[in-house]
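Here is the structure we will look at, set down as structure tokens.
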Amino acid sequence: MMKVIKAGKSQEEVVANDSKVSQIVAGALKDVETRGDQAVRELSEKFDKWNPESFRLSETQIKEIVDQVPASVIEDIQFAQKNIKAFAQAQLDSLHDVEVENIPGVILGHKNIAVNSVGCYIPGGRYPMVASAHMSVLTAKVAGVKRVIACTPPINGEIPTATIAAMYLAGADEIYLLGGIQAMAAMAIGTETIESVDMIVGPGNAFVAESKRQLYGRVGIDLFAGPTETLVVADHTADAEMIATDLLGQGEHGPTSPGALITTSEKLAYETIEEIKRQLETLSTADVASVSWEDYGQVLVVDSIEEARIEADRLAFEHVEILTENPDYFLENMTNYGCLFLGPETNVAYGDKVIGTNHTLPTKGAARYTGGLWVGKFIKTVTYQKVKPEASAYIGEYAARLCQLENFEGHAKQALLRVERYGNN
């Protein structure tokens, strides 16, 4: 029997906040569609106080920016990109084209084709997410995308040099210093100076996430990525310090970032709550992390590991850390998560920044039906068929009868024409 020690905000309160964001985004997207570059420029000035001669950085500008970045930072970026590229390449190698002859003379197949162009959003603000350049730009390039453009906002009127360096090192074909709704709109809709793309990807704040939702269909997207979610599943072998550290470490992302603990130990549940209070007294990002924990934190006590697994699947969180005696039980049995972090030796920060798995992951229950960003998200699996004459006549008789069964006379005629043409063979 589950016991709720701490609950977060209700779903009704969350939906009310989302509706306000939706209205703002809808107006901005319509403005960009109507007025193009001018609307993008005005939105950039309004939200970022940024109005350069050109939002796109030239090759000379990019080189000057990258040269400003300390060698140690470049080395760290390259280390992370090496890991991410290697894992993306392994994923790509697992995808294979298929061709079978399941009936003599009937050849069916599928091909894996990369989309032609992708726009990647790399968040800025208080936390310039350098790693998002690796996760999106680099992964798209490994997939074989021909044109990859990347946008990131200025930070207080300054160029985020490390982020630009990461975009460049990841292989971005075009780099724009542009943020928020205006960046998403420019990439997806296109303007006089920015050619639209086929797909937009990457995390961002509520306005970026809502932009992706409203633009979906006009372009493809990776997934609907809302505020960062972190769940820790723990038993008696875990300790409160680690749980608190890992929950607050992700709670600092933003004031609406949910964090949850599911545990079989009521003692550990209360110890963790006290440890979180203690750590918030000294954490430099406590102004954000304290709000996310107060408003969206949850602590649930369950009777067994099996019940913990059931509740974890119900929450379907983005990041799930397993701090139990047998972490592999969850790898073998859990189905709804963005990424699993098995055992105390790993943590969400590894996945966010450096280890090789992608950090753009499903939120708000989307883990029930999709995984996160990976090389396959940039690839279309398309089918084809080739049929020999005698096989066409054979298939055609079945097809014609099935079409007539559904009252599709025109469909049936397509099949019968082949029976007539090729039946004598």
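The values are calculated or read from the model by the stated rules, or taken from the named source; none is laboratory data. All figures in this text were calculated on a predicted structure; none of them were measured in a lab. Cβ coordinates were reconstructed from backbone atoms using ideal geometry, including for glycine residues, and neighbour counts include every protein chain displayed. Remember, those area values only see protein heavy atoms, side chains included, never the ligands or the DNA or RNA. Shrake-Rupley method; radii C 1.70, N 1.55, O 1.52, S 1.80 Å.
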### Message
Positive end of the dipole of the chain, charges at C-beta (+1 Lys, Arg; -1 Asp, Glu), about the Cα centre: which of LEU231, GLY372, ALA269 has its Cα farthest in that direction?
### Response
GLY372
### C-alpha long axis of helix 71-93 to longest principal axis of the chain, angle in °
40
### Summary
About its Cα centre, the stretch 250-349 carries a charge dipole, from +1 on Lys and Arg Cβ atoms and -1 on Asp and Glu Cβ atoms, whose size in debye to the nearest 20 is 160
### Message
Using helices alone, I'd like the mean residue ellipticity at 222 nm for the chain: each DSSP H run of four-plus residues gives -39500 (n - 2.57), total over residue count, nearest 500.
### Response
-14500 deg cm²/dmol
### Message
How charged is the neighbourhood of VAL354? Take every other residue with its Cβ under 14 Å from the Cβ of VAL354, and add Lys/Arg as +1 and Asp/Glu as -1.
### Response
0
### Message
Given a 10 angstrom Cα cut-off, can you work out which residue in LYS377, LYS413, LYS146 is the most mobile in a GNM of the chain?
### Response
LYS413
### Task
Compute log10 of I(q)/I(0) for the chain with the Debye formula, placing one identical point scatterer on every Cα and leaving out solvent, at q = 0.08, 0.09, 0.12, 0.14 Å⁻¹, to two decimals.
-0.54, -0.66, -1.01, -1.22
### Task
State the answer as a single residue: which of LEU283, ALA349, THR335 lies farthest towards the positive end of the charge dipole of the stretch 276-425, with beta carbon charges of +1 for Lys and Arg and -1 for Asp and Glu, about the Cα centre.
THR335
### Query
Points 7 angstrom from Cα along the Cβ direction at ASN156 and ARG278: gap in nanometres?
3.3
### Message
Which of LEU29, LEU268, LEU108 ends up with the largest GNM mean-square fluctuation for the chain, with Cα atoms connected below 10 Å?
### Response
LEU108
### Message
Taking the 0 to 90 degree range and rounding to the nearest ten, how far is the long axis of helix 59-68 tilted relative to the main principal axis of the chain, both from C-alpha atoms?
### Response
30
### Query
Quick one: if you stick a label point 7 Å off each Cα along the C-beta vector at ILE24 and ASP93, how many nm between them?
4.6
### Task
Would you mind telling me the antiparallel percentage of the DSSP bridges in the stretch 140-262, rounded to 5?
10
### Task
Please work out how much length the chain gains when fully extended from THR383 to THR245, using 0.36 nm per residue of separation minus the C-alpha to C-alpha distance, in nm with one decimal.
44.9 nm
## Note on the structure
Measuring from the longest principal axis of the C-alpha atoms of the chain, the long axis of helix 180-189 (C-alpha) lies at a number of degrees, nearest 10, equal to 10
### Solvent-accessible surface (1.4 angstrom probe) belonging to TYR394, in square angstrom, nearest 10
120
### Message
Quick check: with the 1.4 Å probe, what order do TRP50, TRP374 take by accessible area, largest first?
### Response
TRP374, TRP50
### Query
Taking a point 7 angstrom from the Cα of HIS236 along the C-beta vector, which residues in the stretch 280-308 have backbone N less than 14 Å away?
303-305
### Task
For the stretch 393-425 and the stretch 272-290, write down the distance between their C-alpha centroids in whole Å.
71
### Query
Just going by the charge dipole of the stretch 306-405, with Lys and Arg at +1 and Asp and Glu at -1 on Cβ, which of LEU323, CYS403, PRO389 is farthest out on the positive end?
PRO389
### Task
Kindly report, to the nearest 10 Å², the accessible surface of PHE224 as traced by a 1.4 Å probe over protein heavy atoms only.
80
### Message
Rounded to whole Å, give me the distance from the Cα center of the stretch 58-84 to that of the stretch 175-214.
### Response
24
## Note on the structure
Rounded to the nearest 0.05, FRET efficiency between GLU311 and GLU332 (Cβ-Cβ, R0 22 Å) equals 0.80
### Task
Please give the solvent-accessible surface of CYS403 in Å², to the nearest 10, using a probe radius of 1.4 Å with every protein chain present.
20
### Query
Counting only protein chains, not ligands or nucleic acids, how are ARG126, ARG421, ARG35 ordered by accessible area (probe 1.4 Å), most first?
ARG421, ARG126, ARG35
### Charge tally in the Cβ shell below 11 Å around ASN156, where Lys, Arg are +1 and Asp, Glu are -1, ASN156 excluded
0
### Query
Which residue, ASN333, ASN205, ASN102, has the most motion in a Gaussian network model of the chain that connects Cα atoms within less than 10 Å?
ASN102
### Task
Would you mind telling me the antiparallel percentage of the DSSP bridges in the chain, rounded to 5?
35
